[in-house]
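This is the structure I want to talk about, given as structure tokens.
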There are 2 protein chains.
Amino acid sequence: MKGHLIKNGDNPDITKERKSATFCINKMAEFIYEGSDKVKRREEILKYVEEHPELCDKIPVEFMTREERVERNAQKAVAMTDHADCIDGSDFFGEGMYYQTLVMGRDFHGMLLHYSMFLQCIQSQCTEEQLDKWLPLTILRGIIGTYAQTELGHGTNLKKLETTATYDAKTEEFILNSPTITAAKWWPGGLGKTCNYAIIMAQLYTNGQNKGPHPFIVQLRDLDNHMPLPNITIGDIGPKLGVNGADNGFLLFKNCRIPRENMLMRYAKILPNGEYIAPKHSKLGYGAMVFTRSIMIRDQALMLSAATVIATRYSAVRRQGEIIENKGEIQIIDYQTQQYRIFPQIARAFAFLLAASEIRDMYLNYMEKSQMTSDISLLGDLHALSCGLKAIVTFETAQGIEQCRFACGGHGYSEASGLPQLYTFAVGGCTYEGENIVMLLQVAKILMKLVKNINDGTDNLASITKYIKKKSDLKSNFKDYRTTSGEEIIKDFENIARNQILTCYENFTNNLKQSTYEEAVNKTGIEMCKATRLHVKLYLVKNFYKKVTLIEDYEIRNVVMNLWKLYAFDMLSHLTGALKCNNYMNDIQIKNIKEGIYYYLNEIRPNAVAIVDSFNMSDRELHSVLGRRDGNVYENLLKWAKESQLNKKEVLPTFKKYFEGMMKDGRSKI
Amino acid sequence: MKGHLIKNGDNPDITKERKSATFCINKMAEFIYEGSDKVKRREEILKYVEEHPELCDKIPVEFMTREERVERNAQKAVAMTDHADCIDGSDFFGEGMYYQTLVMGRDFHGMLLHYSMFLQCIQSQCTEEQLDKWLPLTILRGIIGTYAQTELGHGTNLKKLETTATYDAKTEEFILNSPTITAAKWWPGGLGKTCNYAIIMAQLYTNGQNKGPHPFIVQLRDLDNHMPLPNITIGDIGPKLGVNGADNGFLLFKNCRIPRENMLMRYAKILPNGEYIAPKHSKLGYGAMVFTRSIMIRDQALMLSAATVIATRYSAVRRQGEIIENKGEIQIIDYQTQQYRIFPQIARAFAFLLAASEIRDMYLNYMEKSQMTSDISLLGDLHALSCGLKAIVTFETAQGIEQCRFACGGHGYSEASGLPQLYTFAVGGCTYEGENIVMLLQVAKILMKLVKNINDGTDNLASITKYIKKKSDLKSNFKDYRTTSGEEIIKDFENIARNQILTCYENFTNNLKQSTYEEAVNKTGIEMCKATRLHVKLYLVKNFYKKVTLIEDYEIRNVVMNLWKLYAFDMLSHLTGALKCNNYMNDIQIKNIKEGIYYYLNEIRPNAVAIVDSFNMSDRELHSVLGRRDGNVYENLLKWAKESQLNKKEVLPTFKKYFEGMMKDGRSKI
């Protein structure tokens, strides 16, 4: 059962790869997806989706115009929610995301925020009476909502949002306004054309005073004819690098009145007379953000995984170049440079998937504890970790997908490969849910504070940050890539991360002597980002290692350990400057690390196809001619190309309109 | 005249930037474009294009479907060539490329290969009689041709092309066949729908013998009705990451007969009886490739430049975050991390533009010499340099554009920024005209041979490679970023490049002991790529420095020197592992290099907008709402969004078709 993906009629090169695998891909899939029940459910959900034509596309999405994509996404979003019973809704991290990917592919849709941010806000920000009114409407899909915070001129700095909600005690209403063009709400998913309601974040003014940003629920379009309500300007923000099936929107208000009850008042309140009641606790919205980011990290990890499946399978069937004369062209996966492009991405996908699981578990653990004890001490660390991971994972995923795309040569540039869609979708993650540099700086500020606390003797470090306090080693104990233990390798990461954090802290405190806190952060910005990066990389390598050592199956552990080693050595080889700082490592050690990379590329090579097979991704999920299970790439590229919009007509109108006259004219002159 | 881009009504933040510049942007533009006449011609050509509506789009291309783009590109390609007299055709490197970019934007079109590869082949591969027949047809646009070499299953390794041209002496014809699906011609520009002729590279068979790939001119479509000729299957290969206005095509032959005269016989010949006459010289096609690549390098450099213009101007008008409380939000260009994202890309654009000019001059110089003396000794070095530069420049351009895009936050993801189009177009360059890893390895093989020759005492090094033979320094002389001379800094690059090349050579020769040459190349692949990268980076930094020192104007030289220093230190800071090898540099030197980066970011900051203004790119060329000269970004983003295809209707059909019923149903259950 080692090669259960083998079927008659497959490309013989890919069958050969599957036959030579040293492990059972089902067991590996169970490791990746955390249990045989999970893998079974993936297959059941896939079957369900494939049996329902309304959940499938008639033609591949890449051949559609933008209007057709939006239309398709509307139809499928409704169908997907019609059929939502086929999954366990409580497992959004697993089943929910998988189901959505199978149905929608790598695109957003108009109802995405309805089920995430809008619903979440209703649940967490409403009073009991408000809940009674809005929750059933939301859950039963009586309205479609979105969440509108970002403005044309304002993203990260919420305090400076410009949309105003001014309370008029006479009529007991709020008056919404977009006082400038930069106040236009901009980007919210589904806002352009789909949604008729939105939660609007606006500056609350009452009795002439600004009370800061608060959430309001606002009707945007008529329930019967879907026309925008008076004094509302609303529309789609136009085409983007990716997610063009989604109608991200803009929105401007001009004296729009909404009843007092439409302010979400679980925390802050406005009394009918206009009196403002401040919230008792400063509400920590971190919890939801941590969960959202852990889902995002997993989704990114799965996209990177998909890219590695495509690139690895294609590299097994593509033959090019002779190494031994007259022995025929070789599989391109046999080139060291090709392995170096792809295999570290496979290892990275494992690292990211395992980190996503861990952070989800930490979050659930925290939720359980906080409900019993209202202890939220864990949340700060968890929040910091999720911010840091978000930045590293999204950036490296985007880069990794592009490396996989490059590895497919010219065909990687074609939409037939599925890779352009993966890249343009995934790379958006570097910007939304917290721009990456902002994320890195946020984490760095926390790290700086930890160092200060350590120095002051007031620290209370979580296990993630304990290493910062440990004494640094003068020299690395790294000896040989075959024998040095995982713990020693992790120590190397700890040493360079700590070194960067402490050096950065020194720079930071020096800058603080002559500047304000924010100025000092700015002057130390580049070093701070580096500190966070090393801190997160250490976490990734450590968490990955922990998970490897827990694997009981010897064969599986062996294969995953090889991936871990490649992951660790590949990262270290890009950090040689840090490793050589203070002569922590010598040239021989560095050279050995490089040799370790070559060694583990070689070790992974025979199992490469089986490893990516273990991601258990169907042809439907991959949506790639190059990544097909059967390896029959070429005939299907031709078949795919024939579907091109341009091939509907043998002769395009451009001939009669432009070229015919030009050529006749040219020939007449000869 | 320092700020001649300032106009009334501009965004005050951008005006402020322009007023504070320390140099004259016209003089800088003359440095960048090599003379005031060149800058003047840019303005004349722009004026000409803008005055001719047939050279302009009615709606921005990003709002068009693929079919509309292909239609638009057909119309504009014809109009562009109709008006070709407005430029100096002999200056394709300068005027030709500029004119084409202004008219076509960042896209290919169906006639692109007609004027490049097709024409070039006709000119260089035809006999005199063939020239008489085909050259006028080509130049007068009596036919539209393309060049078809790459096949579905074959790219880099030309020897293994599968298309066959079998000579039939009875009828004096060749019979063209695509014996397998992998033999399908795939990717040629314009092949899908536009062209009616192509130069086909096919394996020549005569008297049962394979004589290798040769060029044939083949008619593909009927001249009158443009239908494909019998036994020819032809079409568009489908949508791609970019260049979707171009109809890259596929082509299959089934016993297609062409007359003997359609083999291009300037070199090899087939006599009527089928006898094969081998070419006298093995024809070196390198010259044309060098020229093509030098154009490509320049085009890539200009795309990177455009991205920096967009990101820099936007960063000057975007305000976000307070550093000093109640002083208002700051321009994001004042963040160190933002400067670090963008300014090294500006410096890189300079380095690439200067390298492109240099390689063009070397090529023209070689052409002149080779015509006089038939001396082609220079060509090998030139070819190697152009391959290496192609790989580095395309990859770093793509990465640099993405960094600029990230620097624009969410708006960078919108097509309004112009950056998605720049990226998806530019990144293709990593793959076409020689896949980058293949390029790096090719150069590395040449470097390995040079080392062998040096060791054997048979070397004859060009000035580009002379440094390999120099004695290595034990320690770097680098002292301080303010005082260390350019020559010393270049020496540091020489030392690490040489060190990598020699270490790589050692590995390579060790591998050679147990393997064939190609096996040894494969086993040393990763190190070989690194060797080429350092060799090319050294060239870039050296050539840039040479050009800086030639600048006579003090103010301009000062500004460009700051860019050079940033370029050099930024690269070195990413090469600290190499710098610390053998303790060539110590920690203090490394630290000083980092401080140099912060210092030069600061130095460049006040001139940043003026520097990118000096790229002399009009709003038409930039095609970016974020990069507008006037800085009036926000109102124009809104204006642009209103043009979105989805905004043509206030209510989309999706409401009636899907959402109305769903919501009514939902509400009825409450």
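Could you work out, residue by residue across A:215-228, how many beta carbons of other chains sit within 10 Å of that residue's beta carbon, and then give the average as an integer?
What the average comes to for A:215-228 is 2.
So, in nm, how far is label A:Glu322 from label A:Thr81 when the simple model puts each one 7 Å beyond its Cα toward the Cβ?
For A:Glu322 paired with A:Thr81, the spin-label model returns 6.2 nm.
Suppose we keep just the DSSP beta bridges with both residues in chain B; what percent of those would be antiparallel, to 5?
For chain B, the DSSP antiparallel bridge percentage is about 80.
Still on this model: Roughly speaking, what is the stretch gain from A:Ile6 to A:Glu44, that is 0.36 nm per residue apart minus the C-alpha to C-alpha distance, in nm to one decimal?
11.7 nm is the gain from fully extending A:Ile6 to A:Glu44.
Could you give the Stokes-Einstein D for the stretch A:338-421 in µm² per second, using the C-alpha Kirkwood radius, 20 °C, 1.002 mPa s?
D = 143 µm²/s.
Could I ask something else about it? Evaluate peptide B:236-249: per residue, the Cβ atoms of other protein chains within 10 Å of its Cβ; return the mean as an integer.
For peptide B:236-249, the averaged partner shielding equals 6.
Compute the orientation-averaged projected area for the protein assembly as shown from the convex hull of its Cα atoms and round it to one decimal in nm².
Across all orientations, the protein assembly as shown yields a mean hull projection of 50.3 nm².
Only helices at least 27 Å long along their axis, Cα-based, and averaging -0.5 or more on Kyte-Doolittle count here, so list those DSSP H runs from chain B.
Those that clear 27 Å and a mean of -0.5 are B:286-317, B:336-373, B:377-407, B:436-456, B:525-549, B:554-573.
Just rank A:Thr465, B:Thr509, B:Thr312, fewest to most, by other beta-carbon atoms within 10 angstrom.
Ranked by crowding around the Cβ, least crowded first: B:Thr509, A:Thr465, B:Thr312.
May I pose another question? So the label point sits 7 Å from Cα along the Cα-to-Cβ vector; using that for B:Met367, what distances do you get to the other copies, in nanometres, sorted shortest first?
6.8
Could you tell me the extents of the stretch A:143-279's C-alpha atoms along the three principal axes, largest first, rounded to whole Å?
46, 36, 26
Next question. Would you calculate a helix-derived [θ] at 222 nm for the protein assembly as shown, using -39,500 (n - 2.57) for each DSSP H run of n ≥ 4 and dividing by the full residue count, to the nearest 500?
About -17000 deg cm²/dmol.
Pop a pseudo-label 7 angstrom from the Cα along the beta-carbon direction at both A:Glu660 and B:Tyr517 and give the gap in nm to one decimal.
It works out to 5.6 nm between the two label points.
Hey, another quick one. Return the FRET efficiency for the residue pair B:Asn582, B:Glu643: r is the Cβ-Cβ distance, R0 is 60 Å, and the value is rounded to the nearest 0.05.
0.50
Suppose we keep just the DSSP beta bridges with both residues in the stretch B:143-279; what percent of those would be antiparallel, to 5?
80 percent
Per residue of B:573-581, what is the mean number of Cβ atoms on other protein chains within 10 angstrom of that residue's Cβ?
Shielding by partners across B:573-581 averages 5.
Taking neighbour counts of Cβ atoms within 10 Å as a proxy for exposure, in what order, fewest first, do B:Asp381, B:Asp553, A:Asp492 appear?
If I rank by nearby Cβ atoms, fewest first, I get B:Asp553, B:Asp381, A:Asp492.
Which order do the peptides A:564-570, B:576-582, B:304-310 come out in when sorted by mean C-beta neighbours inside 10 angstrom, highest first?
B:304-310, A:564-570, B:576-582
Say a label goes 7 Å from Cα toward Cβ at A:Thr549 in every copy; what distances in nm does this one have to the rest, shortest first?
5.6
Now a separate question. Taking the Cβ of B:Phe343 as the center, what net charge do the other residues with Cβ under 10 Å away carry, scoring Lys and Arg +1 and Asp and Glu -1?
+1
Under a plain spin-label model, where a point goes 7 Å from the Cα along Cα-to-Cβ, how far apart in nm are B:Leu271 and B:Leu223?
3.2 nm
Let me make sure I get this right: for chain A, a, b and c are the square roots of the gyration tensor eigenvalues over alpha carbons, sorted descending. Under 1.5 in a/c it's rounded, otherwise prolate if a/b > b/c, else oblate. Which is it?
Because a/c hits 1.5 or more and a/b fails to exceed b/c, chain A counts as oblate.
Which order do the peptides A:174-187, A:128-141 come out in when sorted by mean C-beta neighbours inside 10 angstrom, highest first?
A:174-187, A:128-141
Sort A:Ser463, A:Ser624 so the one with the fewest other Cβ atoms within 10 Å of its own Cβ comes first.
A:Ser463, A:Ser624
Ranked highest first by average number of other Cβ atoms within 10 Å, how do B:196-207, A:638-649 line up?
So the peptides B:196-207, A:638-649, ranked by packing, come out B:196-207, A:638-649.
Under the convention of a label 7 Å out along Cα→Cβ, give the distances in nm from B:Asn255 to the same position in every other copy, shortest first.
Ordered by distance, the counterparts are at 8.2 nm.
Here, each number is a calculation from the coordinates, and none is a lab measurement. All figures in this text were calculated on a predicted structure; none of them were measured in a lab. Reconstructed Cβ throughout: ideal geometry from the backbone, glycine too, with neighbour counts over all protein chains shown.
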